[in-house]
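So the structure is just underneath, and the comments pick up after that.
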Amino acid sequence: MRTILHKLRLSAGPRRRKRRNGPAVSHPAKKRKKNENGVHSNKKTNKQKRGKAVKSSVKPRSSDKGQGEENVQYGVNLDVTSYTNGKRETHNPPGRALPYAVWDFYESGCSIRMLNPQAFSSAVWQVLSILQEKFGSMVGANTYLTPPGTQGFAPHYDDIEAFVVQLEGKKHWRVYRPRFEDEVLPLVSSPNFSQAEIGQPIMDVVLEAGDLLYFPRGFIHQGDCLPDAHSLHITVSSYQRNSWGDLLLKEDPRRDKFMAHVQGLTKKLAHFAPIDAAVDQKARDFLHDCLPPMLTAEEQASSVYGAPARWRDGEALDVAVQIKSQTQIRLVRAGAARLCTDGDNVLLCYTTENSRVYHKEQPKSFKIQAEHIDAVELLIHSYPRFITVASLPCDKAAAKASLAELLFEKGLIHTAKPLTAE
Ligand SMILES: O=C(O)CCC(=O)C(=O)O
Ligand SMILES: [Mn+2]
């Protein structure tokens, strides 16, 4: 990595080596997996799995400078790619990538992708290790070096959250929305797409050194170099295979047991979580927000507002309206009242005394005696049916009558027929 960067800086203009026409095709393209864009993988290569791993190259900062010390292997640490006339090719020869040959590829118009720069640069290692701690997920990186006027990769999406930082030169980026629902936040990277498959970009920008571009996994992207500038960028990747879906996909014999346990706990949670209290609070807020019910003329006439009580000659007349045990009653409206618990008390919260001006009145409620609770519940659930006072489930007839009178006075119930004075 150091070697390449170093040389690039020294030779900012085109190199004077004999150039091939177009991308280097003299090396046989290595056979690749179809989906080769998921290159931020934390998976081991087959070579590493076999134990013939690339020599561990994480070294102290001072040794980053050592030229030619790192064993950079094609296909493991570095890819040589091109995308010309809609054709994406990889030109990795077998074996070790030596600067001389890599620069020759670059001069021929190929892009150079370094797959794990953190293993070669302590600066990258440091940044990634800090991000890894902050994100709480694996963080990886690739660097991409692209010659002027070329493109090294076909449009594709990756399976990682991508933070593209432009390090040198410029790159023209086009970013596209996920095309289908099942490509939103995908679990795996895409194959290469043709230009016809991807639609119109939602972002078309040129990044310059120091610029940062973020796109979530699933967003199709392609980057190309303008004729006047090369590009070097690093893509920092995070949250690869880190979703709940990935957790559920883990195959482990203990998974079923674990899932059963989680389900059991989730059910128990409903018992312990103060869901009822939360719903009560929400409902009380709503009852306070409500307009008072607007009664029809008949409803008015059969409610406290139409009761015959009046004042004459210094005396209240017809106060004792006759609610009898056979009087049929119902709430004035569904939703005009709700039983809510408040510590040890049960309150009836109601809307009938609300103002037509928002929150002009305080929330209205009153305490319901234990002997009345079931009866209020029945009234609420019976709406729109009328029920007789006698059918209220209170132990004593007096309790039935006192509840009916209380609710009538508050304007919460009305009778099937207007009441008359005794
Ligand atoms: O630079 C390019 O051509 C593509 C880079 C890319 O796909 C990436 O950074 O994820
Ligand atoms: Mn990509």
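FYI, it's all coordinate maths here, none of it is from the lab. What you see is a predicted model, and the numbers here were worked out from it, not measured in a lab. All Cβ positions, even for glycine, are placed from backbone atoms using ideal geometry, and neighbour counts span all protein chains on display.
Structure summary
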item	result
Whole-number percent relative contact order across segment 276-415, with pairs defined as alpha carbons under 8 Å at least 6 apart	32
Summed side-chain charge close to L185 - residues other than L185 whose Cβ falls under 14 Å, Lys, Arg +1, Asp, Glu -1	-3
Extension gain (nm, one decimal) between K267 and L378, 0.36 nm per residue minus Cα-Cα	37.0 nm
Fewest-first ranking of L131, L378, L291, using other Cβ atoms within 10 Å as the exposure measure	L291, L378, L131
For segment 100-209: rounded, prolate or oblate by the Cα gyration tensor [a/c cutoff 1.5]	oblate
Whichever aspartates and glutamates have a C-alpha closer than 15 Å to that of K364, once near sequence neighbours (fewer than 8 apart) are set aside	D280, D285, D289, D342, E353, E409
Net lengthening on full extension, D204/K360 (0.36 nm per residue, minus Cα-Cα)	50.9 nm
Sparsely packed chymotrypsin sites (Phe, Trp or Tyr not before Pro) within segment 213-299, loop by DSSP, other Cβ within 10 Å at most 16	none
Proxy reagent accessibility, fewest Cβ within 10 Å first, across V236, V357	V357, V236
Overall form of segment 276-415 per C-alpha gyration tensor (a/c, 1.5; a/b vs b/c)	oblate
Members of K134/K282; K268/K410; K396/K417; K87/K250; K171/K250; K360/K417 lying beyond 29 Å, as alpha-carbon distances in this model show	K134/K282; K268/K410; K87/K250; K171/K250; K360/K417
Extension gain (nm, one decimal) between D342 and S243, 0.36 nm per residue minus Cα-Cα	31.6 nm
Residues C394, C110, sorted so that the one with the fewest Cβ neighbours within 10 Å comes first	C394, C110
Cut-off 18 Å, label 7 Å out along Cα→Cβ of F258, residues of segment 108-140 by amide N	137-138
